[in-house]
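I have placed the structure first, in the form of structure tokens, so that the comments after it can refer back to it.
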Amino acid sequence: MRLSPNRVIWVLNSACPSRCKVCDIASQQGRPELSREVVVRVAREVRDLGFREVVFVGGEPLLSPTLPAALEALGHGVDRAVFTGGIPGDAHRLIEPLAQADRLVASIDDADDARNDELRGRAGITAALFQLLGAVRERLPGLYLSTNSVVSRHNVEHVRELWPRVRELRPTCFALSVAGENFETLPLAHLASRAWLEQLYFELVPALAPQVRAAGTDFVVLPVPLPLLALGVPPERWGDESVRSSATVRAEVELFSRGEHNRSFVTRHGCPLVGRDISIGVSGDVHPCSQAPILKSAHVLGNVTRESLAEILAGPRLREFADRVPHAPCSRCWAPSNAPREVLAETLARGSVTGTSG
């Protein structure tokens with residue numbers, strides 16, 4: 001039996017003006033995109049099944065001609081979020097489709113325009129993104145705006161500069177996500193080293209947290225080392241000597257440097273998202289979770305062009321996948337840090353799947 005539905009990550013398209021160093025969207029290009037008719041049907045199925053949140057990603061979802069129809073079909077009962085890295089041209093033309101969204105997530109990885117353009121693989125894309133965000137703040141002042149920065153070996157030394165740059169946008173949320181797997185790749189060449197991650201978690205994040213919160217902005221770091229997640233230690237205290245000297249915390253950071261973001265949690269507690277979250281790929285393939293490592297052909301449950309979403313989720317493949325947890329790709333995601341607070345608390349309270357304390 002499926003658990004209460006939570007989140008859908010929908011890879012609406014593979015078209016993108018950027019070629020980001022840590023993104024593998026090129027592996028999805030050449031796949032046919034869903035028709036408007038199918039997109040509308042699936043969006044209504046997502047709504048009727050009770051999913052509380054849909055996050056549209058790409059590619060660049062603002063380039064998808066079906067995005068407005070998907071947002072309209074979901075309606076106001078679902079939290080609708082759109083990721084963007086910016087699109088060259090007149091930013092004001094993008095305001096109308098965003099008026100139907102509940103959240104806009106802006107992806108920016110470096111405070112310096114030239115460095116961010118290099119990470120994005122397109123000159124001028126950072127200026128285009130900020131033009132869009134300025135237009136959003138002007139025309140849609142009530143829209144929930146968050147920024148997300150992927151922390152990799154390419155930008156980790158400049159993370160401290162990100163908040164002063166995005167603060168002018170008055171974001172609702174400021175998020176840092178440690179680079180990991182996406183689509184068909186495990187980008188080991190892009191992962192930050194253990195030394196840099198220790199500096200990130202034990203120095204940069206504790207220094208940033210009070211600055212961000214003082215501005216009335218939520219601060220999110222993904223993933224959170226399991227001991228800190230389980231105890232609810234706030235980022236402001238990650239620099240405490242008791243944290244810095246903890247062998248278990250430092251062992252978690254070592255795993256993060258190898259892309260094993262979730263190994264400790266999933267081994268002890270199983271997964272709080274399989275059966276609650278799903279992903280929908282460019283051509284309609286449905287995957288059994290919402291986390292990036294799941295977006296591979298080996299983990300497809302079915303396709304919405306051939307079956308209804310309800311039929312796919314009631315089928316045997318979801319249970320077969322859940323029964324194999326913990327297994328790759330489950331050790332390489334951000335699931336615990338991304339789970340709803342009540343779901344995470346419930347999972348930790350149950351203790352270990354092997355019978356030991358979590």
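Here is how the numbers come out for the structure above:
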{"read-out": "Cα-based equivalent ellipsoid of the chain: semi-axis lengths in Å, sorted from largest, via gyration tensor", "value": "29, 27, 18"}
{"read-out": "Sulfur and carbon atoms: percent of accessible area, segment 121-208 [1.4 Å]", "value": "51"}
{"read-out": "Cα-based shape type of segment 145-186, given that a ≥ b ≥ c are square roots of the gyration tensor eigenvalues and the cut on a/c is 1.5", "value": "oblate"}
{"read-out": "Within a Gaussian network of the chain (alpha carbon springs, distance under 10 Å), most fluctuating of GLY232, GLY124, GLY134", "value": "GLY232"}
{"read-out": "Label-point gap, in nm, between SER297 and ARG319 - each point 7 angstrom along Cα→Cβ", "value": "2.8"}
{"read-out": "Neighbour net charge for ARG93 - beta-carbon separation under 15 angstrom, K R +1, D E -1", "value": "-3"}
{"read-out": "Mean Cβ neighbour count within 10 Å, used as a protection proxy, ranking 12-18, 76-82 highest first", "value": "12-18, 76-82"}
{"read-out": "Å² of accessible area per residue within the chain, as computed with a 1.4 Å probe and no ligands counted", "value": "40"}
{"read-out": "Relative packing of peptides 295-301, 64-70 - highest average C-beta neighbours within 10 Å first", "value": "64-70, 295-301"}
{"read-out": "Choice from VAL38, VAL205, VAL156 with maximal GNM fluctuation in the chain (Cα, 10 Å cutoff)", "value": "VAL38"}
{"read-out": "Cys residues of the chain counted as unpaired, since no other Cys beta-carbon is under 4.7 Å", "value": "CYS16, CYS173, CYS271, CYS289, CYS330, CYS333"}
{"read-out": "From the C-alpha gyration tensor of segment 5-88, square roots of 5λ in Å", "value": "23, 13, 11"}
{"read-out": "Fluctuation leader among ASP285, ASP117, ASP218 - the chain, Gaussian network, Cα springs under 10 angstrom", "value": "ASP218"}
{"read-out": "Net charge of neighbours whose Cβ lies under 13 Å from the Cβ of ARG137, counting Lys and Arg as +1 and Asp and Glu as -1", "value": "+1"}
{"read-out": "Check: segment 141-233 dipole with +1 on Lys, Arg Cβ and -1 on Asp, Glu Cβ, in debye", "value": "240"}
{"read-out": "Inter-site label distance for GLU157 and ARG52 at 7 Å from Cα along Cβ, in nm", "value": "4.2"}
{"read-out": "Of every Cα-Cα pair in segment 132-222, the percent that sits beyond 20 Å", "value": "40"}
{"read-out": "Residue-span extension gain [HIS92 to GLN211] - 0.36 nm each, minus C-alpha spacing", "value": "39.7 nm"}
{"read-out": "Potential extension, ALA189-GLU168 segment - 0.36 nm per residue separation minus Cα distance", "value": "4.3 nm"}
{"read-out": "Surface share of carbon and sulfur [accessible, 1.4 angstrom probe, percent] for segment 11-118", "value": "50"}
{"read-out": "Kirkwood-based shape ratio for segment 283-358, expressed as Rg/Rh from alpha carbons", "value": "1.01"}
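The values are calculated or read from the model by the stated rules, or taken from the named source; none is laboratory data. Note that the structure is predicted; figures quoted are calculated from it, not measured. Positions of Cβ are generated from backbone atoms using ideal geometry, with glycine treated the same way; all protein chains shown enter the neighbour counts. The protein model used for the area step is the full one, side chains on, heavy atoms only, and it has no ligands, DNA or RNA in it. Shrake-Rupley method; radii C 1.70, N 1.55, O 1.52, S 1.80 Å.
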